[in-house]
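What follows is a short report on a single structure.
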Amino acid sequence: MTADIAVLATKLDDAARFAKATAQIDGPPISVDDAYAVQKASIDKRLSRGERIVGMKMGFTSRAKMIQMGVSDLICGRLTDAMMAEDGGVISFKKFVHPRVEPEVAFLLRKPLIGRVTPLQALDAVEAIAPALEIIDSRYENFKFSLTDVVADNSSSSAFVIGPWRPRDIDIANLGLVMSINGRAQAFGSTAAILGHPLRSLVSAARLAEAYGLDLSPGHLVMAGGATAASALSPHIYVALEMERLGRCGFSVEE
């Protein structure tokens, strides 16, 4: 590990840990591989404090977002147990810099998943599927970042809520969904917005796990990526997701 990677990892870990915005990465541009090295080093700091890996999240799963960022591939981040929030529970706004929430599909694995797999092979590795909400929170000032910035920042992973687990044989290709805030619909969408089918995201997760040394073992989660644009969070709200055939989940935000 180079000194720069260690320094950047500490900078981003501190920003997340103390919920204080930090400047974008300056100096010579870093590569995507370097950005994942920073991500790993930052997560290692969390593990040294007692957190444990529980899975991974996928990012840039929308074609529009890929075009916006000028990229042609997905990105991923690591999930830890400290990021897990209870369905129907309360999340403290003070833990974040400028959090946003987006509706997703979550997969629970029953088999290891890594490398090049087909959609059917990816589905065979799944134990169950659930509606989910991910709280993303770029630690950079003004929510502005480059591709390598966001990868280094653990792809904005921050917190997540998982709803009830459902059988893996439910067809999730095009499920309608509504995300509401304080009872008012905030976003409408479909699971088809996740790469055309959420299983494509799971296939990519296996490939990226192999490329960047991430562990996808039985019992791990994969968050498939946002199905709509993310909505800003604020104190004193309740966020709910209703997803066709999969059910609902939600959480409250306190000061």
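Before moving on, here are some points about what is shown:
- Verdict on T80 being β-branched (V, I, T), at pLDDT below 95 and within 27 Å of W165 (Cα to Cα): no
- For the range 181-220, the set of residues classified as loosely packed, with under 15 Cβ neighbours inside 10 Å and over 30 Å from D34 (Cβ atoms) consists of N182, G183, R184, A185, F188, G196, P218, G219, listed by residue number.
- Those residues of the range 35-76 which are more than 20 Å from L199 (Cβ to Cβ), of a type outside the set (A, V, I, L, M) and at pLDDT below 95, in sequence order: Q68, G70
- Pairs linking a residue in the range 23-42 that is free of Cβ contacts under 8 Å to residues at least 60 places away in the same chain to a residue that is charged (D, E, K, R) and surrounded by 12 or more Cβ atoms within 10 Å (Cβ to Cβ), with Cβ atoms under 8 Å and 6 or more positions apart or on different chains, are G27/D4.
- Condition broken by L113, with the remaining ones in (1) under 17 Å from R17 (Cβ atoms); (2) in a loop (DSSP other than H, G, I, E, B) satisfied: (1)
- The residue list A159, A122, A130 contains one member that is in a helix (DSSP H, G or I) and modelled with pLDDT of 95 or more, which is A122.
- Taken as a whole, the range 129-147 holds at least one residue that is of a type in the set (F, W, Y) and surrounded by fewer than 19 Cβ atoms within 10 Å (Cβ to Cβ).
The values are calculated or read from the model by the stated rules, or taken from the named source; none is laboratory data. This one's a predicted model, so the numbers in the text were calculated from it and none came from an experiment. Note that each Cβ is placed from the backbone with ideal geometry, even for glycine, and that neighbours are counted across all protein chains shown.
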